[in-house]
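The values are calculated or read from the model by the stated rules, or taken from the named source; none is laboratory data. Because the structure is predicted, anything quoted here is derived from the model rather than measured. No Cβ is skipped: glycine too gets one built from the backbone with ideal geometry, and neighbour counts run over all protein chains shown.
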Amino acid sequence: MPVDLKSLIRTIPDYPKPGIMFRDITTLIENPYGFREAIERSASFHRGMGITHVAGIEARGFIFGAAVAISLGVGFVPIRKRGKLPGETIGQNYALEYGVDTIEMHADAVDKGDHVLLVDDLIATGGTAIAAVQLLRRTGAEISHSSFVIDLPELGGADKLRALDVDVHTLVSFEGH
């Protein structure tokens, strides 16, 4: 019997600031059946698509991305905040509400022709995911698929990824912020 993943995701009102409904996946990953179900649904959807690597966005994307990579039998590529990776890196800037931030990956993590699945826990406005797609594409890798546990459709991030020719697969949606 399938697990109701949405029921395992806790909502915390007014976090991190008033008016925000924070969707907390820690309650999902604490449940062994829910966590397994989330990983298997994502991996099953992408099995047979020629995925060679899974890239996960720091930090919660590491949890889901690494597990999906194991399930698919492919390598995992961490996309991290600037200055967190040793060795040669390449970076991509992206806009924040008040400023700019940078994500990085190892310069030799993927090559031209690799097929990368981008994974994170949640797609909201899409800023970090779009930067990750741009970063991965600069290596010559193909990035046409993404997977998120949660979509916040009102914030438009999934639509922005689709506009970049990236298929967006999500497990649950929540209305509102």
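Observations on the model:
- Checking each residue in the stretch 138-152 for being assigned to a loop (DSSP other than H, G, I, E, B) and free of Cβ contacts under 8 Å to residues at least 40 places away in the same chain picks out only GLY140.
Yes or no, residue by residue, for (1) in contact with a strand residue (DSSP E or B) (Cβ under 9 Å, 6 or more places away or on another chain); (2) at pLDDT 95 or above; (3) part of a strand (DSSP E or B):
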{"position": "TYR33", "(1), (2), (3)": "no, yes, no"}
{"position": "ARG36", "(1), (2), (3)": "no, yes, no"}
{"position": "PHE45", "(1), (2), (3)": "yes, yes, no"}
{"position": "MET49", "(1), (2), (3)": "yes, yes, no"}
{"position": "ALA55", "(1), (2), (3)": "yes, yes, yes"}
{"position": "GLY65", "(1), (2), (3)": "yes, yes, no"}
{"position": "ALA69", "(1), (2), (3)": "yes, yes, no"}
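- Hits in the stretch 85-130 (condition: part of a loop (DSSP other than H, G, I, E, B) and either in contact with a helix residue (DSSP H, G or I) (Cβ under 6 Å, 6 or more places away or on another chain) or closer than 13 Å to LEU161 by Cβ (or both)): ALA124, THR125, GLY126
- When LEU171, LEU117, LEU155, LEU135 are checked against the criterion of being more than 21 Å from PHE45 (Cα to Cα), in contact (Cβ under 8 Å) with a residue 24 or more places away in the chain and under 15 Å from the mean Cα position of the chain (by Cα), a single residue qualifies: LEU135.
- From the list ILE39, ILE70, ILE57, ILE63, the lone residue that is over 14 Å from the mean Cα position of the chain (by Cα) and either among the aliphatic types (A, V, I, L, M) or within 21 Å of GLN92 (Cβ to Cβ) (or both) is ILE70.
- Scanning the stretch 54-106 for residues that are of a type in the set (Ser, Thr, Tyr) and surrounded by 15 or more Cβ atoms within 10 Å (Cβ to Cβ), we see that the one that is farthest from VAL133 (Cα to Cα) is SER71.
- In the set (1) modelled with pLDDT of 95 or more; (2) more than 30 Å from ASP114 (Cα to Cα); (3) surrounded by fewer than 16 Cβ atoms within 10 Å (Cβ to Cβ); (4) out of contact with any helix residue (DSSP H, G or I) (no Cβ under 6 Å at 6 or more places or on another chain), the condition left unmet by THR27 is number (4).
- The set of residues from the stretch 140-165 being crowded, with 20+ Cβ neighbours inside 10 Å and aliphatic (A, V, I, L, M) comprises ALA141, ILE143, VAL149, ILE150, LEU152, ALA158, LEU161.
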